[in-house]
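In what follows, a single structure is set out as structure tokens and then discussed.
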Amino acid sequence: MSDTLATELKAMEKRLSQSGNDNAVKVTRDLIIIQNRLYAQLESLSWLQRRLKIKGQLLPLRGWATSPDVLLRLHAHIMATRPQVIVEFGSGASTLVIADALRQNGVGKLISIEHSDHYGAQTLGTLQAESLEGWVDLRIGDLEAWKGEHLNPEDAEKPSRWYPVSLLEGVENVGLLWVDGPPGATCLFSRYPALPALADKLSPNAEVWMDDTIRQEEKDICERWAADHGFELEYYPLEKGLGRLTRADAPVVAPAPMPQAEGAVRASDVGHPERALGLDFSLPEEQDKDKR
């Protein structure tokens with residue numbers, strides 16, 4: 001009896017030890033992942049701050065705010081492609097970043113659509129503090145019933161609501177559509193109307209960028225947009241995800257010269273449009289492969 005009990009205790013001790021080792025490995029792996037993600041955001045934030053020509057500081061870029069990695073690419077893309085008209089849905093840190101890029105370009109206008117008086121006032125105050133309000137047409141209006149086609153089922157618990165279409169009056173020749181609103185809690189597929197509402201107001205080479213494509217709803221919206229409006233769709237593995245819709249037949253836009261301090265275009269970047277624009281959306285393993 002005692003020998004049997006001793007054997008069982010040893011077996012239990014071995015299982016507990018193995019379980020502890022497995023848990024330690026998992027915790028270590030999870031900590032490394034978190035550390036790498038945090039480093040990536042801090043690195044993007046550092047580069048973004050070097051690009052911006054503002055006196056103050058950005059709004060906090062955690063929680064619901066757009067992540068530094070997306071804002072960095074947004075700023076670089078605007079400075080490189082120099083769109084004349086940009087429309088964004090959902091104001092905030094992105095408004096300041098876009099306005100700064102336009103001011104550095106010396107050309108362009110941002111039409112920022114916002115549903116909240118509170119956040120709209122906060123955005124306007126930030127722009128005024130940086131003397132950037134002249135580059136932005138901030139339009140605020142309460143969300144209202146959306147009567148057009150929508151992915152939100154007709155029998156859904158929350159009816160389809162979106163920004164007042166009247167806020168888009170006079171908008172034409174949009175070169176970049178940045179979609180980060182309205183909030184997901186508004187209704188299912190809350191961001192879907194953005195492209196249908198502006199489809200006939202886009203320039204021939206317009207791009208559409210969707211934030212938060214780590215969420216399935218945003219992916220479903222992007223895929224429907226691509227299918228219905230003739231766009232090619234790519235997803236980029238950033239912190240919260242980025243969906244980028246482009247037209248296959250869009251005119252080639254010559255990249256703006258990149259300052260030497262921010263890295264000259266290498267010969268190996270020929271054929272890589274994002275890198276030629278100072279962007280690199282490739283995965284780390286792809287970057288390593290290109291270096292070999």
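The values are calculated or read from the model by the stated rules, or taken from the named source; none is laboratory data. Predicted, not measured: the structure shown is a model, and the values here were computed from it. As a convention, Cβ positions derive from the backbone with ideal geometry for all residues, glycine included, and neighbour counts pool all protein chains shown. Ligands, DNA and RNA are stripped out before the accessible areas are found, and what is left, the full protein with its side chains, is counted by its heavy atoms. Shrake-Rupley method; radii C 1.70, N 1.55, O 1.52, S 1.80 Å.
Can you tell me which condition Leu167 does not meet? The list is (1) under 15 Å from Ile86 (Cα atoms); (2) part of a loop (DSSP other than H, G, I, E, B), and all the others hold.
(2)
Could you figure out which of (1) more than 11 Å from Phe89 (Cα to Cα); (2) of a type outside the set (Gly, Ala, Ser); (3) in contact (Cβ under 8 Å) with a residue 40 or more places away in the chain isn't true of Glu223?
With respect to (1) more than 11 Å from Phe89 (Cα to Cα); (2) of a type outside the set (Gly, Ala, Ser); (3) in contact (Cβ under 8 Å) with a residue 40 or more places away in the chain, Glu223 is out only on (3).
Looking at the structure I just gave you, is Arg103 surrounded by fewer than 24 Cβ atoms within 10 Å (Cβ to Cβ), among the charged types (D, E, K, R) and closer than 18 Å to Val208 by Cβ? Write out each step before concluding.
Details: surrounded by fewer than 24 Cβ atoms within 10 Å (Cβ to Cβ): yes; among the charged types (D, E, K, R): yes; closer than 18 Å to Val208 by Cβ: no.
Criteria not met by Arg103.
I'm trying to understand the selection: among the residues of segment 173-194, which are closer than 15 Å to Ile113 by Cβ and open to solvent by 20 Å² or more (accessible area, probe 1.4 Å)?
Selection gives Asp180, Pro183.
Can you tell me which residues in segment 154-172 are surrounded by 22 or more Cβ atoms within 10 Å (Cβ to Cβ) and in contact (Cβ under 8 Å) with a residue 60 or more places away in the chain?
Listed by number, the list holds a single entry, Tyr163.
Output yes when any residue across segment 54-66 is under 15 Å from the mean Cα position of the chain (by Cα), hydroxyl-bearing (Ser, Thr, Tyr), modelled with pLDDT under 95 and not in a helix (DSSP H, G or I), and no when none is. Outline the logic, then answer.
First, pick out the residues of segment 54-66 that are under 15 Å from the mean Cα position of the chain (by Cα): 61-66.
Retained after the next criterion (residues that are hydroxyl-bearing (Ser, Thr, Tyr)): 66.
Imposing the further condition that a residue be modelled with pLDDT under 95 reduces the set to 66.
Checking the rest, the ones that are also not in a helix (DSSP H, G or I) come to 66.
There is at least one residue in segment 54-66 that is under 15 Å from the mean Cα position of the chain (by Cα), hydroxyl-bearing (Ser, Thr, Tyr), modelled with pLDDT under 95 and not in a helix (DSSP H, G or I).
What are the pairs with Cβ atoms under 8 angstrom where one residue, in segment 114-126, is modelled with pLDDT of 95 or more and the other, located anywhere, is open to solvent by 70 Å² or more (accessible area, probe 1.4 Å) and in a helix (DSSP H, G or I)? Sequence gap at least six, or different chains.
From residues that are modelled with pLDDT of 95 or more, the pairs are Leu124/Glu133.
Can you name the residue in segment 230-243 that is in contact with a strand residue (DSSP E or B) (Cβ under 7 Å, 6 or more places away or on another chain) and of a type in the set (D, E, K, R) and is also most open to solvent (accessible area, probe 1.4 Å) among such residues?
Among those that are in contact with a strand residue (DSSP E or B) (Cβ under 7 Å, 6 or more places away or on another chain) and of a type in the set (D, E, K, R), it is Glu232.
Scan segment 128-153 and report the pairs whose first residue is over 24 Å from Asp117 (Cβ atoms) and whose second residue is open to solvent by 60 Å² or more (accessible area, probe 1.4 Å), with Cβ atoms within less than 6 Å and a gap of 6+ or a chain change.
Listed pairs, sorted by first residue: Asn152/Leu188.
Any idea how many residues of segment 140-153 are open to solvent by 90 Å² or more (accessible area, probe 1.4 Å) and either of a type in the set (Lys, Arg) or touching a Cys at 6+ places or on another chain (Cβ under 7 Å) (or both)?
1
When only residues in segment 6-38 that are aliphatic (A, V, I, L, M) and modelled with pLDDT of 75 or more count, which is nearest to the chain's Cα centre (by Cα)?
The residue in question is Leu16.
With Ala197, Ala227, Ala206 as the choices, which residue is among the hydrophobic types (A, V, I, L, M, F, W, C), surrounded by fewer than 17 Cβ atoms within 10 Å (Cβ to Cβ), at pLDDT 50 or above and not in a loop (DSSP other than H, G, I, E, B)? Talk me through it step by step, then tell me what you get.
On the way: Ala197 fails: surrounded by fewer than 17 Cβ atoms within 10 Å (Cβ to Cβ); Ala206 fails: surrounded by fewer than 17 Cβ atoms within 10 Å (Cβ to Cβ).
Checking each option against the conditions leaves just Ala227.
Applying the selection to segment 78-96, what residues are over 11 Å from Ile111 (Cα atoms), of a type in the set (Val, Ile, Thr) and either surrounded by 24 or more Cβ atoms within 10 Å (Cβ to Cβ) or touching a Phe, Trp or Tyr at 6+ places or on another chain (Cβ under 9 Å) (or both)?
Within segment 78-96, Ile78 is the sole residue that qualifies.
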